[in-house]
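Contents: one structure, followed by commentary.
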Amino acid sequence: MHFHEKAACDAPKFTSAGPHVHASTPVVHGLLNANANDAGDLTNVFVGPDGTATVELFSPLVSLKAGKGKPALLDADGSSLVIHAHPDDYQSQPIGGAGDRVACAVIK
């Protein structure tokens, strides 16, 4: 899962959500990458055989509103939470081998 830059989830591939939320450029992906600055990085979520998951998220890399010195999820163009098809390896560029976007939710 990753936080993406725009509050848009147009199917079928959710590309309208844009790239990951990030703090600076160039963007370096990966929670286990020593040079990482991709604030959109989140831990993997594992979905059960019945297609459901229960998740509780915490990220010190973002804030809801501007002024906290971190990328704001509720900025002018909003943000989204995107679930990818495969686990993130937390190191590979650009998205940790996470694969296609399979689900998307606008953050309000």
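Every read-out reported here was derived from the displayed coordinates using simple, explicitly stated rules and does not represent laboratory data. These figures come from a predicted structure and were not determined experimentally. Backbone-built Cβ (ideal geometry, glycine too); neighbour counts: all protein chains shown.
Quick look at the values:
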quantity: Residue match in segment 47-69 (condition: surrounded by 15 or more Cβ atoms within 10 Å (Cβ to Cβ), in contact with a Lys or Arg (Cβ under 9 Å, 6 or more places away or on another chain) and of a type outside the set (Gly, Ala, Ser)); calculated: yes
quantity: Close pairs (6 angstrom Cβ cut-off, 6 or more residues apart or separate chains): closer than 14 Å to ASP88 by Cβ in segment 21-50, charged (D, E, K, R) and not in a loop (DSSP other than H, G, I, E, B) anywhere; calculated: LEU31/ASP41
quantity: Residue that is nearest to the chain's Cα centre (by Cα) [pool: residues in segment 38-78 that are charged (D, E, K, R) and part of a loop (DSSP other than H, G, I, E, B)]; calculated: ASP38
quantity: Residue among ALA72, ALA85 that is free of Cβ contacts under 8 Å to residues at least 24 places away in the same chain, farther than 20 Å from THR15 by Cβ, surrounded by 10 or more Cβ atoms within 10 Å (Cβ to Cβ) and not polar (S, T, N, Q); calculated: ALA72
